[in-house]
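Asker: My questions will all concern the structure given below.
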Amino acid sequence: MQKQRYERPVIKQLNTGITNKFGAQSGFTPVTHIDGVAVKDLLREYGSPLFVFSERTLRQTYRDAYAAFNTRYPNVQFAWSYKTNYLNAICNVFHQEGSWAEVVSGFEYQKALRNGVPGDKILFNGPDKTEADLLMAMEHLSPIHIDHLDELYTLIELSNKTGKRPKVAIRVNMDTGVQPIWDRFGFNYESGQAWDAISKILHTDKMDLVGLHCHIGTYMLTSHAYHTAAHKLSDLALGIKKQFGQLIQYIDLGGGFASKNTLKGAYHSGLDVAPSFHEYAEHISSALLNAGFKTEELPLLMLETGRALVDDAGSLLGTVIANKRLSDGRRATILDFGVNLLFTSFWYEHTISPAQDCSQYGEEAVLYGPLCMNIDVLRENVKLPPLNRGDQVVVQRIGAYNLTQWMQFITLRPKVVLIDMEGKVHLIRKDETLDYLLDRELVPDHLKQFEL
């Protein structure tokens, strides 16, 4: 007879009748499979921890988002945000679905080119574009989104030197009623900076102004703010038509759409408060359609959505290393991944579930990673069934930013796999090794020998 696991006795309030202020009695549902593939099989073959992406979820989320806009506005184009997740396999799923690329550095720009994205379908954002970056973008006919006057003047100089006319847009920041205002990037609408930049571009006649761009914030829970942004960019576009007789080809509303994750300190779950794609689309399309454009002159609507398209598709699998009791009596569970891999745990209350059958009685616990640093806290307070050494867990909705902001710190970065539409598992990034790290290091000759 197998020995039963010990479970610490707990006192648990049971609710009868309707839900009261303490909530309803809840149990725990383990996550044992992802797209039909057993979590234990994945960890057995590829090791722990492990990042897993669902191609089915990636494609379905993209199609749902595109349909929400395409049914409301006649001319829509998505551009995949490389900084959100620039693994080639992930990017190419979105490119196969029809998405362009949106990049914020020369490194990301070259990555998009190597993935096969045509230069004229790469939107180049960001405040740090070197002269070499700008020349590369000019050579490939990419729309360059100007962030500041120094960049504008550099483009004029490069145009004079090369005789080429770069395709440009300007980034506009504005008050959309949401605080704080994201005014670090681009030219301000209310102060007249944006119109001043537009006038400089059109009067110097050294470049082609093809678009207007904004990115009003991140994890935006107020969908109406996009109505305000679309209205103000439309006002600029109509002003350009009136004063200069020039049509703006596209209006780019950026990204910032919220995923279903729950922000730290939030009273409600992200599942309850995050707007749907339909809500964002309704506010944006209504602002553009009612702005005063002639039907045949409606600009292309560009969107650079990242987080909301990829978060749901990613999971992080891991294993319990140990348990201990803190001095205040709380249970502390230590996992084999930390904030080095799950960077978004600094701002999300991630959903973490057991990967095997478990007790239906939970206990408040702190979840720590394996790093030797006190800030390696994955969840400061979470109710989970007792987890024992060797048990496995699944962290859901981790597809955005974790694989572009992860750190090689104390532990090496693990494998990443993709489950395709047929349920086949593909390795899309190898795990790091010591040789991989040492290959980048150089040791001066006088430091190669020592005696202890």
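Laboratory data are not the source of any read-out in this text; all were calculated from the coordinates shown. Quantities reported herein were computed from a predicted structural model and do not represent experimental measurements. With ideal geometry, Cβ positions are generated from the backbone for all residues, glycine too; neighbour counts draw on all protein chains shown.
Asker: Name the residues whose placed amide hydrogens come within less than 5 Å of the amide hydrogen of residue 429, ignoring near sequence neighbours (fewer than 5 apart) on the same chain.
Answerer: Those qualifying (amide H under 5 Å, at least 5 residues apart or on another chain) are 416.
Asker: Read phi for every residue in segment 178-189 and hand back ³J(HN,Hα) as whole Hz from Karplus 6.51 cos²θ - 1.76 cosθ + 1.60, θ = phi - 60°, with x for Gly and Pro.
Answerer: 10, 10, x, 6, 7, 10, 5, 9, x, 10, 6, 6
Asker: Can you give me the distance in nm between label points at residue 448 and residue 247, each placed 7 Å from the Cα along the Cα-to-Cβ direction?
Answerer: The two pseudo-label positions are separated by 6.7 nm.
Asker: Under 15 Å between alpha carbons, and skipping anything fewer than 8 positions from residue 121 in its own chain: which aspartates and glutamates qualify?
Answerer: 97, 102, 108, 139, 252, 304
Asker: Can you tally the net charge around residue 29? Count Lys and Arg as +1, Asp and Glu as -1, for every other residue whose Cβ sits under 14 Å from the Cβ of residue 29.
Answerer: Numbers: positive: 383; negative: 357.
That works out to 0.
Asker: Once phi is turned into θ = phi - 60°, what whole-Hz ³J(HN,Hα) does the Karplus curve with 6.51, -1.76 and 1.60 give for every residue of segment 110-118, x standing for Gly and Pro?
Answerer: In residue order, the calculated couplings are 5, 4, 5, 4, 5, 6, x, 6, x Hz.
Asker: Taking a cut-off of 16 Å between Cα atoms, list the lysines near residue 232, but don't count ones fewer than 8 places away on the same chain.
Answerer: By straight Cα distance, residue 232 reaches 241, 242.
Asker: Among the chymotrypsin sites (Phe, Trp or Tyr not before Pro) within segment 250-306, which fall in a DSSP loop and have no more than 10 other Cβ atoms within 10 Å of their own Cβ?
Answerer: 267
Asker: Could you list which residues have their amide H under 5 Å from that of residue 252, counting only those 5 or more apart in sequence or on another chain, with H placed in the peptide plane?
Answerer: Close amide H contacts, sequence-distant or interchain: 212, 213, 214, 302.
Asker: Per-residue counts of other Cβ atoms within 10 Å, averaged by peptide: what ranking do you get for 359-365, 222-228, highest first? Intermediate results must be reported in sequence, preceding the final value.
Answerer: Numbers: 359-365: 15.7, 222-228: 20.1.
Sorting 359-365, 222-228 by mean packing, highest first, produces 222-228, 359-365.
Asker: With θ set to phi - 60° and the Karplus curve 6.51 cos²θ - 1.76 cosθ + 1.60, what are the ³J(HN,Hα) couplings of segment 28-40 in order, to the nearest whole Hz, using x for Gly and Pro?
Answerer: Once θ is set to phi - 60°, the couplings for segment 28-40 become 10, 9, x, 9, 9, 9, 10, 6, x, 9, 5, 4, 5 Hz.
Asker: When only DSSP loop residues count, what chymotrypsin sites (Phe, Trp or Tyr not before Pro) in segment 369-452 have their Cβ near at most 14 other Cβ atoms within 10 Å?
Answerer: Passing both the DSSP loop test and the Cβ count: 450.
Asker: Based on the Cα atoms of segment 55-311, what semi-axes does the equivalent ellipsoid have, where each is the square root of 5 times one gyration tensor eigenvalue, given in whole Å with the largest first?
Answerer: Semi-axes from the Cα gyration tensor: 28, 22, 17 Å.
Asker: How would you rank 369-377, 182-190, highest first, on the average number of other Cβ atoms within 10 Å across their residues?
Answerer: The densest-packed peptide leads the list: 182-190, 369-377.
Asker: Calculate the all-directions average of the projected area of the chain's alpha-carbon convex hull, and give it in nm².
Answerer: With the hull built on Cα positions only, its mean projection is 30.3 nm².
Asker: Would you grab the residues whose amide H sits under 5 Å from the one on residue 379? Only those 5+ places off in sequence or on another chain, please, with H modelled 1.01 Å from N.
Answerer: 367
Asker: Work out how much length residue 32 to residue 114 would gain on full extension: take 0.36 nm times their residue separation and subtract the Cα-Cα distance, in nm to one decimal.
Answerer: Contour length minus Cα-Cα distance gives 25.9 nm.
Asker: Summing -39500 (n - 2.57) over the DSSP H runs of n ≥ 4 in the chain and dividing by its residue number, what mean residue ellipticity at 222 nm do you reach, to the nearest 500 deg cm²/dmol? Please report the intermediate quantities before stating the final value.
Answerer: Working: 13 runs with 128 residues, N = 452.
Calculated from helices alone, the mean residue ellipticity at 222 nm is -8500 deg cm²/dmol.
Asker: Let me ask something else about it. So which of 264/324; 324/383; 40/415 end up more than 18 Å apart, counting from Cα to Cα?
Answerer: The answer is 264/324.
Asker: If you don't mind, another one. Under 16 Å from the Cα of residue 206, which lysines turn up, not counting those fewer than eight places away in the same chain?
Answerer: 161, 164, 167
Asker: Would you list 175, 357, 196 from fewest to most Cβ contacts within 10 Å?
Answerer: Fewest to most other Cβ atoms nearby, the residues stand as 357, 196, 175.
Asker: Further question: Once you place label points 7 Å from the Cα toward the Cβ at residue 278 and residue 426, how far apart are they in nm?
Answerer: 3.2 nm
Asker: Neighbour counts of other C-beta atoms within 10 Å: give me 161, 232 arranged from fewest to most.
Answerer: Neighbour counts put them in this order, fewest first: 161, 232.
Asker: Report the gain in length on full extension from residue 162 to residue 141: 0.36 nm times residue separation, minus Cα-Cα distance, nm rounded to one decimal.
Answerer: Difference between extended and current length: 6.2 nm.
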